[in-house]
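Student: First the structure, then my questions, so here it is.
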Amino acid sequence: QMESFTYSISHDLRAPLRAIRGFAQALAEDYAPLLDDTGRDYLDRMCAGAERLDQLIQDVLQYSRLGRSTLTFQPIVIDLCLAQVLLHLDRDIRSSNAVFDIQHPLPTVLGHAPTLEQVVSNLLSNALKFVAPGTQPNIRVWGECQNDVARLWVQDNGIGISPVHHQRIFGVFERLQNSDTYPGTGIGLAIVAKGIARMGGKVGVESEPGKGSRFWIELPRPAEPTHKG
(Lines give C-alpha, C1' and ligand atoms only; values in the text may rest on other atoms or scores of the structure.)
Protein backbone atom coordinates (compact mmCIF):
# COMPACT_ATOMS: atom_id res chain seq x y z
CA GLN A 1 0.00 0.00 0.00
CA MET A 2 2.85 2.39 0.80
CA GLU A 3 4.50 1.68 -2.57
CA SER A 4 1.18 2.31 -4.34
CA PHE A 5 0.71 5.55 -2.40
CA THR A 6 4.26 6.69 -3.17
CA TYR A 7 3.79 5.93 -6.85
CA SER A 8 0.53 7.91 -7.02
CA ILE A 9 1.92 10.92 -5.17
CA SER A 10 5.11 10.97 -7.25
CA HIS A 11 3.16 10.67 -10.48
CA ASP A 12 0.82 13.52 -9.51
CA LEU A 13 3.75 15.76 -8.54
CA ARG A 14 5.11 15.80 -12.06
CA ALA A 15 2.26 17.93 -13.49
CA PRO A 16 2.78 21.00 -11.26
CA LEU A 17 6.53 20.55 -11.50
CA ARG A 18 6.32 20.74 -15.30
CA ALA A 19 4.47 24.04 -14.91
CA ILE A 20 7.14 25.40 -12.55
CA ARG A 21 9.92 24.35 -14.93
CA GLY A 22 8.09 25.77 -17.93
CA PHE A 23 7.51 29.20 -16.40
CA ALA A 24 11.06 29.32 -14.99
CA GLN A 25 12.48 28.57 -18.44
CA ALA A 26 10.20 31.16 -20.06
CA LEU A 27 11.28 33.72 -17.46
CA ALA A 28 14.93 32.93 -18.15
CA GLU A 29 14.53 33.20 -21.92
CA ASP A 30 12.36 36.33 -22.06
CA TYR A 31 13.21 38.40 -19.00
CA ALA A 32 16.73 37.47 -17.85
CA PRO A 33 18.26 40.66 -19.39
CA LEU A 34 15.90 42.74 -17.26
CA LEU A 35 17.06 41.15 -14.00
CA ASP A 36 20.06 42.19 -11.96
CA ASP A 37 22.75 39.72 -10.87
CA THR A 38 20.83 38.71 -7.76
CA GLY A 39 17.64 38.11 -9.73
CA ARG A 40 19.45 35.96 -12.29
CA ASP A 41 21.08 34.00 -9.48
CA TYR A 42 17.66 33.31 -7.92
CA LEU A 43 16.34 32.24 -11.32
CA ASP A 44 19.27 29.88 -11.89
CA ARG A 45 18.69 28.32 -8.48
CA MET A 46 14.98 27.92 -9.24
CA CYS A 47 15.75 26.09 -12.51
CA ALA A 48 18.39 23.89 -10.87
CA GLY A 49 16.05 23.04 -8.01
CA ALA A 50 13.29 22.06 -10.44
CA GLU A 51 15.71 19.81 -12.33
CA ARG A 52 16.81 18.08 -9.11
CA LEU A 53 13.21 17.58 -8.00
CA ASP A 54 12.28 16.12 -11.38
CA GLN A 55 15.14 13.63 -11.16
CA LEU A 56 14.12 12.72 -7.61
CA ILE A 57 10.52 12.09 -8.68
CA GLN A 58 11.67 9.95 -11.59
CA ASP A 59 13.86 7.86 -9.29
CA VAL A 60 11.03 7.40 -6.77
CA LEU A 61 8.74 6.28 -9.61
CA GLN A 62 11.35 3.78 -10.81
CA TYR A 63 11.74 2.41 -7.31
CA SER A 64 7.96 2.12 -6.84
CA ARG A 65 7.50 0.39 -10.20
CA LEU A 66 9.87 -2.37 -9.11
CA GLY A 67 7.45 -3.29 -6.34
CA ARG A 68 4.30 -2.95 -8.47
CA SER A 69 5.20 -4.59 -11.76
CA THR A 70 4.99 -8.26 -12.67
CA LEU A 71 8.37 -9.57 -13.80
CA THR A 72 8.68 -12.26 -16.45
CA PHE A 73 11.99 -14.10 -16.21
CA GLN A 74 14.04 -15.32 -19.14
CA PRO A 75 17.70 -16.12 -19.89
CA ILE A 76 19.72 -12.90 -20.21
CA VAL A 77 23.14 -12.70 -21.85
CA ILE A 78 24.86 -10.10 -19.66
CA ASP A 79 27.25 -9.16 -22.50
CA LEU A 80 24.26 -7.90 -24.51
CA CYS A 81 22.74 -6.17 -21.48
CA LEU A 82 26.04 -4.42 -20.73
CA ALA A 83 26.40 -3.29 -24.34
CA GLN A 84 23.02 -1.53 -24.12
CA VAL A 85 23.96 0.14 -20.84
CA LEU A 86 27.29 1.40 -22.21
CA LEU A 87 25.45 2.85 -25.20
CA HIS A 88 23.07 4.77 -22.92
CA LEU A 89 25.97 6.02 -20.78
CA ASP A 90 28.13 7.00 -23.74
CA ARG A 91 28.01 10.75 -23.02
CA ASP A 92 29.05 10.29 -19.38
CA ILE A 93 31.79 7.88 -20.38
CA ARG A 94 33.20 10.29 -22.94
CA SER A 95 33.03 13.33 -20.67
CA SER A 96 34.87 11.53 -17.86
CA ASN A 97 37.34 9.83 -20.24
CA ALA A 98 36.62 6.58 -18.39
CA VAL A 99 38.55 3.39 -19.10
CA PHE A 100 36.75 0.03 -19.04
CA ASP A 101 38.24 -3.44 -18.64
CA ILE A 102 35.48 -5.97 -19.41
CA GLN A 103 36.29 -9.65 -19.06
CA HIS A 104 34.27 -11.35 -21.82
CA PRO A 105 32.32 -13.55 -21.95
CA LEU A 106 30.06 -12.58 -19.07
CA PRO A 107 27.59 -15.11 -17.65
CA THR A 108 24.03 -15.77 -18.73
CA VAL A 109 21.50 -15.38 -15.93
CA LEU A 110 17.80 -15.88 -15.37
CA GLY A 111 16.03 -12.59 -14.74
CA HIS A 112 13.99 -9.67 -16.07
CA ALA A 113 15.93 -7.91 -18.81
CA PRO A 114 14.73 -4.28 -18.27
CA THR A 115 15.27 -4.56 -14.51
CA LEU A 116 18.76 -6.01 -14.91
CA GLU A 117 19.65 -3.28 -17.40
CA GLN A 118 18.51 -0.68 -14.86
CA VAL A 119 20.58 -2.35 -12.11
CA VAL A 120 23.76 -2.49 -14.21
CA SER A 121 23.23 1.10 -15.38
CA ASN A 122 23.04 2.36 -11.80
CA LEU A 123 26.17 0.45 -10.78
CA LEU A 124 28.18 1.82 -13.71
CA SER A 125 26.82 5.35 -13.22
CA ASN A 126 28.04 5.30 -9.62
CA ALA A 127 31.43 3.99 -10.73
CA LEU A 128 31.72 6.90 -13.17
CA LYS A 129 30.51 9.48 -10.66
CA PHE A 130 32.09 8.71 -7.29
CA VAL A 131 35.76 9.33 -8.06
CA ALA A 132 38.05 11.94 -6.57
CA PRO A 133 38.14 15.26 -8.49
CA GLY A 134 40.51 15.04 -11.44
CA THR A 135 40.63 11.23 -11.33
CA GLN A 136 40.06 9.24 -14.52
CA PRO A 137 37.51 6.49 -13.79
CA ASN A 138 38.89 2.97 -14.26
CA ILE A 139 36.14 0.36 -14.19
CA ARG A 140 36.58 -3.40 -14.37
CA VAL A 141 33.66 -5.77 -15.03
CA TRP A 142 33.83 -9.56 -14.83
CA GLY A 143 31.69 -12.56 -13.97
CA GLU A 144 31.91 -15.78 -12.01
CA CYS A 145 29.77 -18.91 -12.10
CA GLN A 146 29.32 -21.44 -9.33
CA ASN A 147 26.80 -24.26 -9.57
CA ASP A 148 23.38 -22.70 -10.22
CA VAL A 149 24.27 -19.02 -9.61
CA ALA A 150 26.29 -16.38 -11.45
CA ARG A 151 27.93 -13.31 -9.96
CA LEU A 152 28.70 -10.07 -11.80
CA TRP A 153 31.39 -7.78 -10.36
CA VAL A 154 31.83 -4.04 -10.98
CA GLN A 155 35.08 -2.64 -9.59
CA ASP A 156 36.05 1.04 -9.60
CA ASN A 157 38.88 3.30 -8.46
CA GLY A 158 36.54 5.67 -6.67
CA ILE A 159 36.48 7.30 -3.26
CA GLY A 160 35.42 4.12 -1.51
CA ILE A 161 32.95 3.42 1.30
CA SER A 162 33.59 2.76 4.98
CA PRO A 163 32.60 -0.80 6.00
CA VAL A 164 30.18 0.61 8.60
CA HIS A 165 28.07 1.99 5.73
CA HIS A 166 28.05 -1.09 3.46
CA GLN A 167 24.44 -2.00 4.32
CA ARG A 168 23.18 1.54 4.73
CA ILE A 169 23.99 2.60 1.16
CA PHE A 170 21.34 0.24 -0.23
CA GLY A 171 18.55 2.11 1.58
CA VAL A 172 16.29 4.76 0.04
CA PHE A 173 17.60 8.36 0.20
CA GLU A 174 20.86 7.25 1.82
CA ARG A 175 23.61 9.67 0.79
CA LEU A 176 27.13 9.63 2.22
CA GLN A 177 28.52 12.49 0.13
CA ASN A 178 27.67 16.15 -0.36
CA SER A 179 25.14 16.55 -3.19
CA ASP A 180 27.01 19.57 -4.56
CA THR A 181 30.17 17.51 -5.10
CA TYR A 182 28.47 14.26 -6.14
CA PRO A 183 24.98 14.94 -7.57
CA GLY A 184 22.26 12.35 -7.14
CA THR A 185 19.09 11.47 -5.28
CA GLY A 186 20.28 8.66 -3.01
CA ILE A 187 17.96 6.11 -4.63
CA GLY A 188 20.26 4.48 -7.21
CA LEU A 189 21.60 1.70 -5.00
CA ALA A 190 18.17 1.18 -3.45
CA ILE A 191 16.90 0.47 -6.97
CA VAL A 192 19.79 -1.98 -7.42
CA ALA A 193 18.93 -3.83 -4.21
CA LYS A 194 15.19 -3.84 -4.90
CA GLY A 195 15.60 -5.02 -8.49
CA ILE A 196 17.97 -7.83 -7.57
CA ALA A 197 15.69 -8.94 -4.71
CA ARG A 198 12.69 -9.05 -7.09
CA MET A 199 14.69 -11.35 -9.35
CA GLY A 200 15.59 -13.68 -6.48
CA GLY A 201 19.22 -12.60 -6.24
CA LYS A 202 21.64 -10.96 -3.84
CA VAL A 203 23.79 -7.81 -3.86
CA GLY A 204 26.82 -6.70 -1.89
CA VAL A 205 29.91 -4.52 -1.81
CA GLU A 206 33.55 -4.73 -0.75
CA SER A 207 35.09 -1.31 -0.16
CA GLU A 208 37.25 0.91 2.00
CA PRO A 209 37.68 4.69 1.93
CA GLY A 210 40.22 5.76 -0.68
CA LYS A 211 40.57 2.25 -2.12
CA GLY A 212 37.66 2.05 -4.55
CA SER A 213 34.71 -0.32 -4.43
CA ARG A 214 33.77 -3.76 -5.74
CA PHE A 215 30.02 -4.18 -6.09
CA TRP A 216 28.57 -7.58 -6.93
CA ILE A 217 25.16 -8.89 -7.91
CA GLU A 218 24.21 -12.56 -7.87
CA LEU A 219 21.41 -14.14 -9.88
CA PRO A 220 20.28 -17.68 -10.73
CA ARG A 221 21.60 -19.28 -13.88
CA PRO A 222 19.18 -20.76 -16.42
CA ALA A 223 18.57 -24.46 -16.03
CA GLU A 224 20.56 -26.62 -18.40
CA PRO A 225 18.36 -28.27 -21.02
CA THR A 226 17.78 -31.97 -20.47
CA HIS A 227 18.37 -34.36 -23.35
CA LYS A 228 16.42 -37.56 -23.57
CA GLY A 229 18.03 -40.42 -25.39
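The values are calculated or read from the model by the stated rules, or taken from the named source; none is laboratory data. Because the structure is a prediction, the values reported are computed rather than measured. When we count neighbours, we look across all protein chains shown, and the Cβ atoms used for this are built from the backbone with ideal geometry, even at glycine. Heads up: the accessible areas ignore ligands, DNA and RNA and are worked out on the full protein's heavy atoms, side chains in. Shrake-Rupley method; radii C 1.70, N 1.55, O 1.52, S 1.80 Å.
Student: Among the residues of the stretch 129-156, write down those that are free of Cβ contacts under 8 Å to residues at least 24 places away in the same chain and of a type in the set (Val, Ile, Thr).
Tutor: The one that is free of Cβ contacts under 8 Å to residues at least 24 places away in the same chain and of a type in the set (Val, Ile, Thr): 135.
Student: Name the single residue, out of those in the stretch 206-229 being under 15 Å from residue 150 (Cβ atoms) and of a type in the set (Asp, Glu), that is modelled with the lowest pLDDT.
Tutor: The residue in question is 224.
Student: Output the residues belonging to the stretch 103-130 that are more than 24 Å from residue 72 (Cβ to Cβ) and in contact with a helix residue (DSSP H, G or I) (Cβ under 7 Å, 6 or more places away or on another chain). Talk me through it step by step, then tell me what you get.
Tutor: Here is the first cut: in the stretch 103-130, the residues more than 24 Å from residue 72 (Cβ to Cβ) are 103-105, 124-130.
Hits for the stretch 103-130 are 104, 105, 124, 125, 126, 128.
Student: Looking at the structure I just gave you, is residue 127 among the small types (Gly, Ala, Ser) and either open to solvent by 30 Å² or more (accessible area, probe 1.4 Å) or within 18 Å of the chain's Cα centre (by Cα) (or both)?
Tutor: In short, yes.
Student: Do you know which of the residues in the stretch 80-104 that are among the β-branched types (Val, Ile, Thr) and under 18 Å from the mean Cα position of the chain (by Cα) is surrounded by the fewest Cβ atoms within 10 Å (Cβ to Cβ)?
Tutor: Residue satisfying both the conditions and the ranking: 93.
Student: Taking the stretch 131-151, which residues are in contact with a helix residue (DSSP H, G or I) (Cβ under 6 Å, 6 or more places away or on another chain) and either open to solvent by 70 Å² or more (accessible area, probe 1.4 Å) or of a type in the set (A, V, I, L, M, F, W, C) (or both)?
Tutor: Going through the stretch 131-151, the residues in contact with a helix residue (DSSP H, G or I) (Cβ under 6 Å, 6 or more places away or on another chain) turn out to be 137, 139.
The answer is 139, and nothing else.
Student: Further, regarding this structure: Going by the structure shown, is residue 114 part of a strand (DSSP E or B) and within 24 Å of residue 197 (Cα to Cα)?
Tutor: In short, no.
Student: I would also like to ask the following. Take the residues in the stretch 146-167 that are small (Gly, Ala, Ser) and not in a strand (DSSP E or B), then tell me which one is farthest from residue 77 (Cα to Cα).
Tutor: Filtering the stretch 146-167 for residues that are small (Gly, Ala, Ser) and not in a strand (DSSP E or B), the one farthest from residue 77 (Cα to Cα) comes out as 162.
Student: Moving on to the next point. Here are some conditions: (1) within 23 Å of residue 218 (Cβ to Cβ); (2) open to solvent by less than 40 Å² (accessible area, probe 1.4 Å); (3) without any contact (Cβ under 8 Å) to a residue 60 or more places away in the chain. Residue 107 meets all but one. Which one does it not meet?
Tutor: (3)
Student: So which residues in the stretch 33-51 are surrounded by 14 or more Cβ atoms within 10 Å (Cβ to Cβ) and among the hydrophobic types (A, V, I, L, M, F, W, C), if there are any at all?
Tutor: The answer is 35, 43, 46, 47, 50.
Student: Next question. Can you spot a residue in the stretch 55-72 that is more than 20 Å from the chain's Cα centre (by Cα) and surrounded by fewer than 13 Cβ atoms within 10 Å (Cβ to Cβ)?
Tutor: Let us first name the residues in the stretch 55-72 that are more than 20 Å from the chain's Cα centre (by Cα), namely 70, 72.
Filter once more, so that each one left must be surrounded by fewer than 13 Cβ atoms within 10 Å (Cβ to Cβ): 70, 72.
Checked against the condition, which is being more than 20 Å from the chain's Cα centre (by Cα) and surrounded by fewer than 13 Cβ atoms within 10 Å (Cβ to Cβ), the stretch 55-72 yields at least one hit.
Student: While we're here: With the stretch 23-110 as the region, which helices (runs of 4 or more DSSP H) entirely inside it contain at least 2 residues that are modelled with pLDDT of 95 or more and not hydroxyl-bearing (Ser, Thr, Tyr)? Walk me through it before giving the result.
Tutor: Working: elements: 37-68, 78-88, 90-96.
Passing ranges, in order: 78-88.
Student: Follow-up. Report the residue count in the stretch 119-145 for those that are part of a helix (DSSP H, G or I) and touching a Pro at 6+ places or on another chain (Cβ under 8 Å).
Tutor: Selection size over the stretch 119-145: 3.
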